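Here's the structure, in structure tokens; my notes come after.
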Amino acid sequence: QVQLVESGGGLVQAGGSLRLSCAASGRTFSIYTMAWFRQAPGKEREFVAAMSGGGSTNYADAVKGRFTISRDNAKNTVYLQTNSLKPEDTAVYYCATRNSGAYASSASSLYNYWGQGTQVTVSS
């Protein structure tokens, strides 16, 4: 029922920026927590950023000050603005949502729906 479709990934040089998008359908988008996770080859999935239904945000230390999560409720879309990209940011980026909106949770196990992922590659 809930579908998340991501876009915006690509190849960028270190120091550059990308804006990732995730379009959601199938639910009342605005009241639920949305999040971004990423997974690099050979590594575990890790939390990147989240926004609660009320607009509270949470960022991983590795991206704090460089990445910004936002949402456009009218468009049912969540964004991740990635600035000052580093090679270690290279990963597949996934958006996710859960059946709660109270907290910008970082635990992947709490999320019920996931997008297909979009590749971000940062060259040195």
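The values are calculated or read from the model by the stated rules, or taken from the named source; none is laboratory data. Please read these numbers as outputs of a predicted model, since none were measured by experiment. Here the Cβ is made from the backbone with ideal geometry for all residues, glycine too, and neighbour counts use every protein chain on show. Each accessible area value is taken on the protein alone, full model and side chains, heavy atoms only, with ligands, DNA and RNA left out. Shrake-Rupley method; radii C 1.70, N 1.55, O 1.52, S 1.80 Å.
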If you build a Gaussian network model of the chain, linking Cα atoms that sit under 10 Å apart, which residue out of Gly55, Gly42, Gly16 swings the most?
Gly42
Sparse-neighbourhood loop hits (trypsin sites (Lys or Arg not before Pro), segment 45-124; DSSP loop; Cβ within 10 Å at most 12 others) -> Lys64
What figure in square angstrom, to the nearest 10, would you give for the accessible area of Glu46 with a 1.4 Å probe?
80
So for the chain, averaging the separation of alpha carbon pairs under 8 Å that are six or more residues apart and normalising by length, what relative contact order in percent results?
37
Whose amide H sits under 5 Å from the amide H of Phe67, counting only residues 5 or more places off or on another chain, with H placed in the peptide plane?
Asn83
So what's segment 49-92 giving for Cα Rg divided by 2.2 N^0.38 Å, two decimals?
1.24
Summarise the accessible area of the chain (1.4 Å probe, protein heavy atoms) by the percent that is carbon and sulfur.
45
Arrange the residues Tyr93, Tyr113, Tyr79, Tyr103 by how much accessible surface each exposes, largest first, with a 1.4 angstrom probe.
Tyr103, Tyr113, Tyr79, Tyr93
